[in-house]
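Asker: The structure under discussion is supplied below as structure tokens; questions concerning it will follow.
The values are calculated or read from the model by the stated rules, or taken from the named source; none is laboratory data. What you see is a predicted model; the values in this text were computed from it and never measured. Ideal geometry is used to build each Cβ from the backbone, glycine not excepted, and the neighbour counts take in all protein chains shown. All accessible areas refer to the heavy atoms of the entire protein, side chains included, with ligands and DNA or RNA removed. Shrake-Rupley method; radii C 1.70, N 1.55, O 1.52, S 1.80 Å.
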Amino acid sequence: MNKKLILFNEYHYSKFIQDSIASDVEIIRQYVIRDADAIEQLPTDVISERDENTYLAYAANNREIKIKLVRFLLSCGADESHILDIHKAYMAGYSKNRFQRIMNRRQNQKLDGLILGISHGMVGIVEDAMPGNVCNLCHSSQDIYFNYQTLKKCYEQYFYEIKDINLNYSRQYKLT
């Protein structure tokens, strides 16, 4: 069975969706929503004519958009069990599964290095500007223990030859 989605998202979640949806999921259509009033302009036939293997997924942080969108989908005949709040699901496992989402995007690529550490490395190190193929796994408030666990899981789950590891910490952590 193929996994299929019709996506509805707030305009600023387009990149988030690209990073979050697994590569084996087919996105049939994607509707970008700028505000709650735009929901009334969505086509109803796409929702009512979809097959039962197609799910309706939305990514919205704005409460008014969420409520109005879910009501709209239900009024078009969508079953509640086929409506997915991918923003909520993503946020529930954000730090726990973040490294897996990042590494899955790099499937079958050999890595020259991993970068682990805190938010300074997360926002201050640009992977594309680094020599070679590197993966930045830094995360806000990530301590040494969780960086070790991330590195351990990367090694166990992804069989890459990792040539170098960069640890990025502020002075508040002792590295001894």
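Asker: Hey, any idea what % of the stretch 3-93's accessible area is carbon plus sulfur with a 1.4 Å probe? Mind showing how you got there, number by number?
Answerer: Numbers: 2460 of 5340 Å².
On the stretch 3-93, the fraction of accessible area on carbon and sulfur atoms equals 46 percent.
Asker: Next up: Determine how many Å³ per residue the convex hull of the Cα atoms of the stretch 43-88 encloses. Can you show the working numbers first?
Answerer: On the way: hull volume 3.2 nm³, N = 46.
So the per-residue hull volume is 69 Å³.
Asker: How fast does the stretch 3-93 diffuse by Stokes-Einstein, in µm²/s, taking the Kirkwood radius from C-alpha pairs at 4 °C and 1.567 mPa s? Please list the in-between numbers first.
Answerer: Working: Rh = 13.1 Å.
The calculation lands on 99 µm²/s.
Asker: If you don't mind, another one. Hey, rough spin-label estimate for Arg34 and Ala129, points 7 angstrom out along Cα→Cβ, what's it come to in nanometres?
Answerer: 3.3
Asker: Right, next: How much length, in nm to one decimal, is gained on full extension between Ile67 and Phe146, taken as 0.36 nm per residue of separation minus their Cα-Cα distance? Numbers along the way, then the final one.
Answerer: Details: separation 79, 0.36 × 79 = 28.44 nm, distance 3.61 nm.
Working it through step by step, the gained length comes to 24.8 nm.
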